[in-house]
Each structure stands twice: as C-alpha cells, then as structure tokens.
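Heads up, the thing below is written out as structure tokens.
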Amino acid sequence: MIRKILIWPHNTLAEVSSVVRPSLTETKEFQYLVGDMAETLVHHHGVGLSAVQVGSPLRVFVMRTKDGAQTYVNPVIMESIGDLEEMGEGCLSMPGVYEDVMRYPQVILSAYNFETGGERLHDLEGLEAQCAQHEIEHMDGITMATKWGPVKRGIAKRKIQKALREWRPQ
C-alpha cells in the first residue's frame with residue numbers, strides 16, 4: 001500500500017525516532033510497514049525513505065539500491081570515510097526543494113537484519129552513503145530546513161507549495 005508522505009514542516013518530522021525492538025520486527029504490522037515504505041519509495045521515484053516520513057517515528061529506512069529496495073533497522077554510522085563533499089540533495093518530504101549539502105562519500109553502517117536477526121555491517125559509497133546520512137538525520141528529527149534561517153525556510157515553503165500544486169503522483 002502506498003502511504004502518504006508527510007510534508008515539511010509537519011511536526012512529526014521533527015521527532016526523534018524510537019529504536020526498533022527486535023520483537024517488533026517479527027510482527028505483521030512491521031513487515032507491512034517496511035513493505036509499504038518500499039512501495040511508496042518506488043511510487044514517488046525516491047532514493048530513500050525513513051519511517052518517520054510516513055508518520056511512524058521508528059529507526060528504520062528503506063533505500064533503492066542496484067539490488068532493489070533494502071531495509072535498514074536501527075542504523076548507526078560506525079565510520080565516515082573521506083573528506084566531506086558538497087552533494088546535491090532533495091527530499092520526498094520537501095518536494096521541489098534541492099540543496100547542496102555536505103556529506104561523506106563513504107560510510108560504514110551497522111543495522112539490524114530483521115530477516116536473519118543480528119547486526120550487519122554495510123559499506124556504502126556514493127549515492128547510497130549520501131542517502132543513509134540523510135535518512136539517519138530524519139530519524140534524529142533533522143531536515144534540510146533545520147539548518148536554515150527564516151528567509152530560506154520561507155522560500156522553501158513557497159517551492160513546496162508550488163511543487164504540490166504542479167505535481168500529484170498517480
């Protein structure tokens with residue numbers, strides 16, 4: 001099922017997401033959530049989507065990779081590799097807004113594997129590393145707008161309103 005994506009400045013996007021208990025990953029509700037998130041991500045042509053963006057403030061995100069949609073539960077960046085680089089970035093919760101942000105080109109991510117249990121390390125580079133950093137910020141209640149002043153936030157609100165009027169996914 002395609003879920004509604006919360007649009008900034010929705011209050012839920014500022015919430016810090018809760019850690020997912022392993023027992024929760026075994027429930028049908030959780031499995032529906034991550035399945036719906038993957039379907040929503042593809043429907044909206046996104047790269048990544050955190051649970052908080054669909055109104056469930058849990059530490060989980062899905063990301064499109066060359067191997068299909070991957071789920072990351074309780075992700076933690078264990079190591080950031082390389083120098084910070086300026087990268088263009090958008091966000092499904094901020095349609096029509098694109099900004100240059102500083103991200104590491106490579107990260108080592110630890111996440112719980114809900115299909116097999118236990119932690120798993122992921123060596124992510126490029127767009128996947130950028131996406132993981134962005135989604136983890138969402139789980140910490142941080143959006144691109146968190147770092148902006150009032151003038152830039154006002155501009156972003158107008159861009160979002162315009163994008164929502166012009167583009168409605170089917």
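Some observations on this one:
- Just one of the listed residues (Val97, Val101, Val76, Val107) is surrounded by 12 or more Cβ atoms within 10 Å (Cβ to Cβ), of a type outside the set (Asp, Glu), in contact with a Ser or Thr (Cβ under 7 Å, 6 or more places away or on another chain) and within 20 Å of Gly46 (Cβ to Cβ), namely Val107.
- Residues in the stretch 1-21 that are open to solvent by less than 80 Å² (accessible area, probe 1.4 Å), out of contact with any strand residue (DSSP E or B) (no Cβ under 7 Å at 6 or more places or on another chain), not hydrophobic (A, V, I, L, M, F, W, C) and not in a loop (DSSP other than H, G, I, E, B): 1 in all.
- Scanning the stretch 119-162 for residues that are open to solvent by 40 Å² or more (accessible area, probe 1.4 Å), closer than 27 Å to Val20 by Cβ and aliphatic (A, V, I, L, M) returns Leu121, Leu127, Ile142.
- Condition met for Val97 (closer than 19 Å to Ser18 by Cβ and of a type in the set (A, V, I, L, M)): no
- Candidates are the residues of the stretch 115-170 that are among the polar types (S, T, N, Q) and over 30 Å from Ser80 (Cα atoms); the one that is modelled with the lowest pLDDT is Gln170.
- Taking every residue in the stretch 109-136 that is touching a residue at least 60 places away in the same chain (Cβ under 8 Å) and pairing it with any residue that is open to solvent by 30 Å² or more (accessible area, probe 1.4 Å) and assigned to a helix (DSSP H, G or I), at least 6 positions away or on another chain, the pairs with Cβ-Cβ distances below 8 Å are Tyr112/Pro22; Phe114/Pro22; Gly117/Pro22.
- Test: residue in the stretch 143-153 that is small (Gly, Ala, Ser) and part of a loop (DSSP other than H, G, I, E, B): yes
- Among the candidates Leu41, Leu49, the residue that is part of a helix (DSSP H, G or I), open to solvent by less than 70 Å² (accessible area, probe 1.4 Å) and either touching a residue at least 60 places away in the same chain (Cβ under 8 Å) or not basic (Lys, Arg) (or both) is uniquely Leu41.
- Count of residues meeting criterion [part of a strand (DSSP E or B) and open to solvent by less than 10 Å² (accessible area, probe 1.4 Å)] in the stretch 52-71: 4
- Applying the criterion of being among the small types (Gly, Ala, Ser) and in contact with a strand residue (DSSP E or B) (Cβ under 9 Å, 6 or more places away or on another chain) to the residues of the stretch 36-55, the residue that is farthest from Gln133 (Cα to Cα) is Ala38.
- Residues within the stretch 75-106 that are in a loop (DSSP other than H, G, I, E, B) and either touching a residue at least 24 places away in the same chain (Cβ under 8 Å) or closer than 16 Å to Thr146 by Cα (or both), tallied: 12
- The stretch 108-126, residues that are farther than 13 Å from Gln70 by Cα and part of a loop (DSSP other than H, G, I, E, B): Thr116, Gly117, Gly118, Gly126
The values are calculated or read from the model by the stated rules, or taken from the named source; none is laboratory data. In this text the structure is predicted, and so the values were computed from the model without any measurement. With ideal geometry, Cβ positions are generated from the backbone for all residues, glycine too; neighbour counts draw on all protein chains shown. Quick note on the areas: whole protein, heavy atoms, side chains included, nothing else; ligands and nucleic acids left out. Shrake-Rupley method; radii C 1.70, N 1.55, O 1.52, S 1.80 Å.
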